[in-house]
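Only one structure is covered here, and it is reproduced in the block below.
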Amino acid sequence: MWKFLQSIIFKIREIFFRWKSPQLIIHEPLAKYWSIEKYMRQINVLEFISLDGVIQAPGAKDEDRSGGFEFGGWVAPFGDEVFGKIIQRQMEPSDLLLGRKTFDIWEKHWPHNADHWPKINEVKKYVLSNTRTNSEWSNSIFLNDIEDIKNLKKTDGTDIKVWGSSELVQLLFKNDLVDGLWLKIFPITLGQGKKLFGNGVMPATFKLMESTITPSGIIVANYKKEGDVRTGNIGEK
């Protein structure tokens, strides 16, 4: 009976998402991947990314000029109504895991602009740092190392979203802790800047769960880690 009710709930959720975002393509029944009985907190990495893999300073000119980066705010010209609705969905309340540099930027901005991100002050913000231990921003919790993150995944709570945080993401990849990739791929090349994928990424296969192409050409693709990499020869059965 429970599985039957669960399937109905997820079907209603799919119908709601299609109504809110007609461009949304759901590639697999969501209930297949949201097994409550086997649930463990998932870490989903959310990134604005260029065609050449850059994720640095997408939102503002002075967001992050480190390394001489000249193109801060590169996502701004591509905004449209469809993309705005997608971002609103991705900003739904959920615990956050951030690198220290991203947290430093957010700490100065979001506490005073919470009307643009509902519940941002109320959700838990876990920060990996070896230089900071406290913050006046409410519900900020500091972690020391990768073992703290592994233990966090075993606790009760929402799935965990990672925004930006390029160095933290490399550490998560290296330790095979990325469960999902929610990518906003922009039709632009930047030629410089911090990139999403470094040399320490663990081989894995990901399954496309949802996708949308916005009128301005942004490809929004949500992937869930499925398993090991499979190989073969093209043309062989």
* With each pseudo-label sitting 7 Å past Cα toward Cβ, what's the Gln88-Phe197 distance in nm, one decimal? -> 3.3 nm
* Sites matching chymotrypsin sites (Phe, Trp or Tyr not before Pro) across the stretch 180-237 that sit in DSSP coil, with at most 13 neighbouring C-beta atoms within 10 Å -> Phe197
* Lysine pair number, Cα distance threshold 18 Å (strictly under), the stretch 83-181, separation 8 or more or different chains -> 22
* Structure fact -> Whole-percent carbon and sulfur contribution to the accessible surface of the stretch 39-111 (1.4 Å, no ligands, DNA or RNA) stands at 56 percent
* **Solvent-accessible area per residue, Å², over the stretch 79-237 with all protein chains present [probe radius 1.4 Å]** => 55 Å²
* To do: Quick one: pull the percent of accessible area on the stretch 126-237 belonging to carbon and sulfur, 1.4 Å probe, ligands and nucleic acids left out.
  => 50 percent
* Put a dot 7 Å past each Cα toward the Cβ at Thr189 and Asn151; how far apart are the dots in nm? -> 4.6 nm
* Over the stretch 103-164, what is the mean sequence separation of C-alpha contacts under 8 Å (at least six apart), divided by residue count, expressed as relative contact order in percent? -> 22 percent
* Asked: Tell me, what is the FRET efficiency for Asp104 and Ala76 to the nearest 0.05, using R0 = 22 angstrom and their Cβ-Cβ distance as r?
  -> 0.55
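The values are calculated or read from the model by the stated rules, or taken from the named source; none is laboratory data. Treat the numbers as computed from the prediction; the structure is a model and nothing was measured. Note that each Cβ is placed from the backbone with ideal geometry, even for glycine, and that neighbours are counted across all protein chains shown. These area figures cover heavy atoms from the full protein model, side chains too; ligands, DNA and RNA do not enter into them. Shrake-Rupley method; radii C 1.70, N 1.55, O 1.52, S 1.80 Å.
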